[in-house]
Amino acid sequence: MNDPARQRVVIVEDHALTRAGLRTALGSAFEIAGEAGDGQVGMQTILREKPDVAVVDIGLPGMDGIELTKRVRSECPATHVVIVTMIDLEEEVLAALAAGADAYCLKSSAPENIVAAVRIASEGGAYFDPQIAHLVLARFSHPAKGAATGSPLSERETEILRLISDGRSNVEIAEQLYIGLGTVKGHIRDILEKLSAADRTHAAVVALRKGYI
């Protein structure tokens, strides 16, 4: 029987052992609505089940994960996509981002990080594995100067996030803005809470994806 309180997840992964591992990791926190071992069946399953989140490998037979992500965005836009793969090459990460993936995890990530990625994606956020987050930030090396309408961030918080996206440390941010290190840390705590982000890098990724900076 379906539990309406639990987010529903479809897993699309061609390796049976990895698929079983994902099922175990995610099954305690989410309802597993379906599974598939190739891209074509995966797309059919997603269209049929309309899950909250699809967890997708890149190297799928039949239809790769990038193409599958594009089709999900087009044909089932309410479903969020979390890419889980062994690949951490820049072109693959950016291709997943361009296709509309909401999160990107490496299969070597701790199970709790994959659970966190699915939860953040299901809530409309963006998550990128800390090992590859710098690739995402580099993609947005020239962020827009104006914050998007509807941003929950204050002017100072937006300024701090722009500096984070430029790779500045907390100490460098404090020195540049002529404020105390404790003040910077306080602003970052507020930013993490407002953006439901796990750390400062993820906060910058979320803000960039949403157009806040």
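The values are calculated or read from the model by the stated rules, or taken from the named source; none is laboratory data. Note that the coordinates shown come from a computational prediction; the quantities given were computed from them, not determined experimentally. Neighbour counts run over all protein chains shown; Cβ positions are idealised from the backbone, glycine included.
Flag: Ile58 matches the condition of being closer than 18 Å to Leu106 by Cβ, aliphatic (A, V, I, L, M) and either in the same structural domain as Val118 (by TED's automatic domain parsing) or part of a loop (DSSP other than H, G, I, E, B) (or both). The residues of region 160-176 that are touching a residue at least 12 places away in the same chain (Cβ under 8 Å) and basic (Lys, Arg) amount to a single one, Arg162. If you go through region 17-38 and keep only what is under 21 Å from Arg48 (Cβ atoms) and aliphatic (A, V, I, L, M), you end up with Leu22, Leu26, Ile32, Ala33, Ala36.
Residues in region 25-42 that are under 15 Å from His15 (Cβ atoms) and not in a loop (DSSP other than H, G, I, E, B): Ala25, Glu35, Ala36, Gly39, Val41, Gly42. Each residue in region 65-79 was checked for being among the basic types (Lys, Arg) and in contact with a Gly (Cβ under 6 Å, 6 or more places away or on another chain), and 1 of them qualify. Looking across Gly27, Gly21, Gly59, one residue alone is closer than 21 Å to Glu123 by Cα and surrounded by fewer than 20 Cβ atoms within 10 Å (Cβ to Cβ). It is Gly27. Residues that are more than 14 Å from the chain's Cα centre (by Cα) and over 15 Å from Gly124 (Cα atoms) within region 77-87 comprise Met86, Ile87, listed in sequence order.
Among the residues making up region 76-135, those that are polar (S, T, N, Q) and over 23 Å from Leu17 (Cβ atoms) are Thr79, Ser122. The residues of region 61-107 that are outside any loop (DSSP other than H, G, I, E, B) and touching a residue at least 60 places away in the same chain (Cβ under 8 Å) amount to a single one, Val84. The criterion of at least 2 residues that are more than 29 Å from Ala98 (Cα to Cα) and over 21 Å from the mean Cα position of the chain (by Cα) is met by the following helices (runs of 4 or more DSSP H) wholly inside region 156-211: 170-177, 181-195.
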